[in-house]
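I have placed the structure first, in the form of structure tokens, so that the comments after it can refer back to it.
The values are calculated or read from the model by the stated rules, or taken from the named source; none is laboratory data. Nothing here was measured: the structure is a model prediction, and the numbers come from that model. Using ideal geometry, Cβ is built from the backbone for each residue, glycine included, and neighbour counts are taken over all protein chains shown. Just so you know, the surface numbers come from the protein's heavy atoms only, side chains and all, with ligands and any DNA or RNA stripped out. Shrake-Rupley method; radii C 1.70, N 1.55, O 1.52, S 1.80 Å.
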Amino acid sequence: MSTPMVFTAYVDSTQMGRQVRARLLDLCAARDVRADIRIVDVLAEPAEAEASNVVGIPTVVREQPRPRRRVIGALEDTRRVAEALGLDERLDDADGDAQTNAGVVDERA
């Protein structure tokens, strides 16, 4: 397996957290990608959600590798979610440039 991708998922319930975690794990496993997933319940931790500029639930942020990318909303369209989070890309480009897809926030740091 490759270097892990680090994700933060912002949800509004334990049930949604379980669903998002399961979906991400399935997407990553299908692509031989290790996933480190942190779940943040925005009802329990509203300040963290606000500090991270979360505007919709669920929001999944790929924290590592850079650049950060986020997907907002349902994760049903497996192909689009995988593409948006860069699961199908090889992010070994020396200068960190990666394609930016429509509907994806590419947060270069």
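For VAL61, VAL42, what's the largest-to-smallest order of accessible area, 1.4 Å probe?
If we order VAL61, VAL42 from most to least accessible, we get VAL42, VAL61.
Note down the nm distance, to one decimal, between modelled labels 7 Å out along Cα→Cβ at ALA51 and at SER13.
Output for this residue pair reads 2.7 nm.
Say each of LEU43 and GLU63 gets a label point 7 Å from the Cα, pointing the same way as Cα to Cβ; how far apart are those two points in nm?
2.3
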